[in-house]
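Below is one structure, written out as structure tokens, with a few remarks after it.
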């Protein structure tokens, strides 16, 4: 029987001793010069991330490639995305494809087929409702896959629609309730379900309220570092075992050096080591 | 000076005498056998749509490729999407990339760069609010591009969140108001703005109310045909000149034959001709 995504994820977090997700957002001007000299951009990106994966594969449980930056390089960039995901999975890392797809049922089936081929879990837009999420839940039930549904995004304009009060709840709270419902449908048993949520780490006050509405969701927490959120504000996402939350860091981990810096490998390892120790004791748990 | 997207679109609709958009949703099992025999799937898709574009380029103003079905073929499918968009534009068709992207600002910039390279206009998710849409509006202002923002989707579960009552308005009505606001920001002048909306043709009662809230938006109307909507229910999207709405049809136009049918070209032309005459006199206008 296929192991469920929440079980696989919990085991990986415990094995690596931290709930850290390293984001891959390939910005051409931020790659080490050693890769970009004389190479095509997609090739430089692929080779850079192979090396990053070698460096971090024993340090963190997951990576989160942001597909937008790969798509910006056209179909060769899409291939670099595929190759990066494949190499990460070969090396024992879980891949959360940050694709934020969301469409009507027949199209959602095509997206699920397209993207679960490369990733263990995907980020999803919930605006179209249950029938748009259901094709992804089928993969959660049958193929050990997972999803992270947008509940509260990390950007400043998140307040515009997500804070609208609809009856006795905000829209984000309605979305959190849907995550809990979809999670019970995809994963009737276990502490956590295969249906997680995205809650921006930039909104610590909302985090506790949203966690209470979806007690079985793994919460993906973007926004630490470049977007200004602080690790110590995220405790309410975590349980007594240090599980339930995933802190994602992109620029602070993979753009922590200048392109001409020969010591870029050491700097990435040092940055990830620092982030590991600051995230390993979140909540009342201690993964170390 | 670059012509604005709403001007380009209106001219194309008038020139072709119909507000019809042909959707390209490549389902492998629905391609004519003449293309699939002995060929790779992405090549078969590319060659099929080249022929479809030859057949319809003088009959309709726009095509709408649904990128999910291309992504399901991996990076070769992404290349087929690029090639199909390029061939359509070379042949004078406007391309609405049905990509439904929506992400935080720095990522949205990458998506805008990625997808406006191939398409004249894009469909967008609005859940993240103004700062997630702004990078696309910059292309509307400066590069003659357009967007169609999800306001009310065609699927049955659309009611789940989009009908939530937030204060004196539903969420869809809040989104329609944002479309109007973003349209005034991107296109201060003219009858129509570069910021259009997606309103499922499956919801004729909502269509009139939403049109009243965003009088300057081109409205993209999916759902006719396979999803059950009827052309005659869409009049309220259109103005006295027959402009302002775009009827999109996918399966009814490009899957109107069996894969082994040798007469597939004639059937596509006949289906599109029928749809042209039924859409040319929508509202009080008459484009013929």
Mind checking whether some residue in the stretch B:2-19 is at pLDDT 95 or above and within 14 Å of another protein chain (Cβ to nearest Cβ)? no
Just give me the residues in the stretch B:189-210 being without any contact (Cβ under 8 Å) to a residue 40 or more places away in the chain and within 26 Å of residue B:142 (Cα to Cα), in sequence order. B:189
Which is out of contact with any helix residue (DSSP H, G or I) (no Cβ under 6 Å at 6 or more places or on another chain) and either farther than 19 Å from residue B:7 by Cα or modelled with pLDDT of 95 or more (or both), of B:181, B:152? B:181
Can we say residue A:178 is in contact (Cβ under 8 Å) with a residue 40 or more places away in the chain and more than 9 Å from every other protein chain (Cβ to nearest Cβ)? no
Take the conditions in contact (Cβ under 8 Å) with a residue 40 or more places away in the chain, crowded, with 18+ Cβ neighbours inside 10 Å and more than 30 Å from residue A:171 (Cβ to Cβ) and apply them to residue A:80. Does it pass? yes
Can you pull out the residues in the stretch A:20-47 that are touching a helix residue (DSSP H, G or I) at 6+ places or on another chain (Cβ under 6 Å) and over 25 Å from residue A:279 (Cα atoms)? A:28, A:31, A:32, A:35, A:36, A:41, A:42, A:44, A:45, A:46, A:47
Report the residue count in the stretch A:135-171 for those that are within 28 Å of residue A:114 (Cα to Cα) and more than 7 Å from chain B (Cβ to nearest Cβ). 17
State whether the residues of the stretch A:89-100 include one that is within 14 Å of another protein chain (Cβ to nearest Cβ), more than 16 Å from residue B:74 (Cα to Cα) and out of contact with any helix residue (DSSP H, G or I) (no Cβ under 9 Å at 6 or more places or on another chain). no
Just to be sure, is residue B:146 out of contact with any strand residue (DSSP E or B) (no Cβ under 8 Å at 6 or more places or on another chain), at pLDDT 95 or above and more than 25 Å from residue A:105 (Cβ to Cβ)? no
Within the stretch A:100-110, does at least one residue satisfy the condition of being within 30 Å of residue A:287 (Cα to Cα), touching a strand residue (DSSP E or B) at 6+ places or on another chain (Cβ under 9 Å) and buried (at least 22 other Cβ atoms within 10 Å of the Cβ)? yes
Residue under evaluation residue B:73, criteria (1) at the interface with chain A (Cβ under 9 Å from one of its Cβ atoms); (2) under 16 Å from the mean Cα position of the chain (by Cα), criterion not met: (2)
Could you check the stretch A:117-134 and list, in sequence order, the residues that are surrounded by 20 or more Cβ atoms within 10 Å (Cβ to Cβ), within 13 Å of another protein chain (Cβ to nearest Cβ) and in contact with a helix residue (DSSP H, G or I) (Cβ under 7 Å, 6 or more places away or on another chain)? A:118, A:119, A:122, A:124, A:126, A:127, A:128, A:129, A:132, A:133
Could you list all residues from the stretch B:139-160 that are crowded, with 23+ Cβ neighbours inside 10 Å and under 23 Å from residue A:170 (Cβ atoms)? B:149, B:150, B:151, B:152, B:153, B:158
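The values are calculated or read from the model by the stated rules, or taken from the named source; none is laboratory data. What you are looking at is a predicted structure, and each value in this text was computed from that prediction instead of being measured. Backbone-built Cβ (ideal geometry, glycine too); neighbour counts: all protein chains shown.
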